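What follows is a single structure, written as structure tokens, with notes after it.
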Amino acid sequence: MLLCSIVKDILGAKSGFLLFLSTCLTACTNGPLKVFERTYLAVPSGENSNYYRITVRASTQLSDAKYSSAWFPAYAVDSLYGFSNVETDIKHLKTEQELQDQLNLAIKESHKKYLDVAKDPSKSEEEVEKHLLAQRRVRASAGADTPLPKGAVEFEYDPSRNLVLRHAGQKRIFTLSANPNEVTNKIQTAAGTMQTGVQLSRLFDAIKSREKQREEEFGARLSVDKKLDAAIAKQMDGILSNLGEDTKLERDDLLAEIEALLLVVETSQ
């Protein structure tokens with residue numbers, strides 16, 4: 001016999017803090033099992049936040065049961081039920097990681113500049129405050145109150161959402177079974193496979209970028225070689241034109257030009 005109920009109460013509050021409280025009285029047993037878990041989640045809504053109280057009660061009789069709950073990437077959960085597209089998810093994750101790399105770099109740079117100013121006694125408090133503000137600005141993102149152009153609509157798609165709001169790109173899974181690890185392992189495997197796809201995609205991009213750079217370098221060398229060949233050919237034409245009977249150059253002068261031409265050819269090889 002299995003009885004499981006989830007009760008959600010919505011509590012309004014003017015706070016932007018995230019409160020998370022979880023209590024599990026009993027998680028594993030070979031006999032009767034009773035589970036109680038309560039969680040509070042904050043969902044920002046403009047200047048306010050809505051708080052959701054999630055209560056989980058479950059019980060089993062005469063069974064080997066275990067209970068678990070955890071957050072997992074939404075794409076990994078959806079992939080188990082065929083609700084996702086691997087190619088699209090890889091592109092989404094790749095973009096998210098690229099944005100995270102940019103954010104990490106900006107955070108490090110702004111923090112270093114702040115420390116350089118903060119440790120210098122000759123710097124004023126105003127300068128220190130400017131660099132503190134810069135640290136906060138690099139961690140800022142457009143909010144709900146940021147106006148859009150007239151007549152515009154905003155995409156729901158946002159690869160940076162998971163970086164801005166905790167658990168935005170995740171789903172919470174509640175599992176009550178004899179082996180909940182079987183479910184979580186499948187989700188983790190799907191997540192690992194997707195991450196592998198992202199890494200392979202980034203590797204392919206690096207290879208393509210390197211090949212493009214090589215092509216550009218080869219093209220530049222080829223352009224220089226063409227100009228050099230044209231100059232050598234022109235110089236050879238000049239020497240050949242002076243080999244006739246009516247040439248005005250002496251033999252030694254011709255030999256000097258030929259030696260100069262040979263030197264240019266050898267240098268270009």
Q.
Less than 12 Å Cβ to Cβ from Pro180, Lys/Arg counted +1 and Asp/Glu -1: what total charge do the surrounding residues give?
A. 0
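Shape verdict for segment 34-93, please, from the Cα gyration tensor: rounded (a/c under 1.5), prolate (a/b greater than b/c) or oblate. Numbers along the way, then the final one.
Working: a/c = 4.04, a/b = 1.22, b/c = 3.32.
Oblate, since a/c reaches 1.5 and b/c is not below a/b.
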Q: Restricting things to alpha carbons, find the Rg to Rh ratio for segment 115-241 using the Kirkwood radius for Rh.
A: 1.28
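So what's the net charge close to Leu99: Lys and Arg +1, Asp and Glu -1, counting the other residues with Cβ under 14 Å from its Cβ? Numbers along the way, then the final one.
On the way: positive: Lys91, Lys94, Arg139, Arg161, Arg202; negative: Glu96, Glu98, Asp101, Asp158.
So the surrounding residues net to +1.
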Q) Relative to the present Cα-Cα distance, how much length would full extension add between Tyr81 and Asn181 at 0.36 nm per residue of separation? A) 34.3 nm
Q) Within segment 37-92, which GluC sites (Glu not before Pro) sit in a loop by DSSP and count at most 15 neighbouring Cβ atoms inside 10 Å? A) Glu47
Q) Listed highest first by mean packing, meaning other Cβ atoms within 10 Å per residue, what order do 223-229, 187-193 come in? A) 187-193, 223-229
Q) Want the number for Ser122 to Glu47: 0.36 nm per residue separation, take away the alpha-carbon distance, what's left? A) 23.1 nm
Q. Hey, what does the equivalent ellipsoid look like for segment 171-218, semi-axes from the Cα gyration tensor as sqrt of 5 times each eigenvalue, largest first, whole Å?
A. 42, 8, 3
Q) What residues have an amide H closer than 5 Å to that of Lys171, excluding those fewer than 5 places away on the same chain, when H is modeled at 1.01 Å from N in the peptide plane? A) Phe72, Ala74
Q) By average Cβ neighbour count within 10 Å, what is the ranking of 210-217, 66-73 from highest down? A) 66-73, 210-217
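We did not get these values from a lab; they are worked out from the coordinates using the rules stated. As the structure is a prediction and not an experimental result, all values here were calculated from the model. Here the Cβ is made from the backbone with ideal geometry for all residues, glycine too, and neighbour counts use every protein chain on show.
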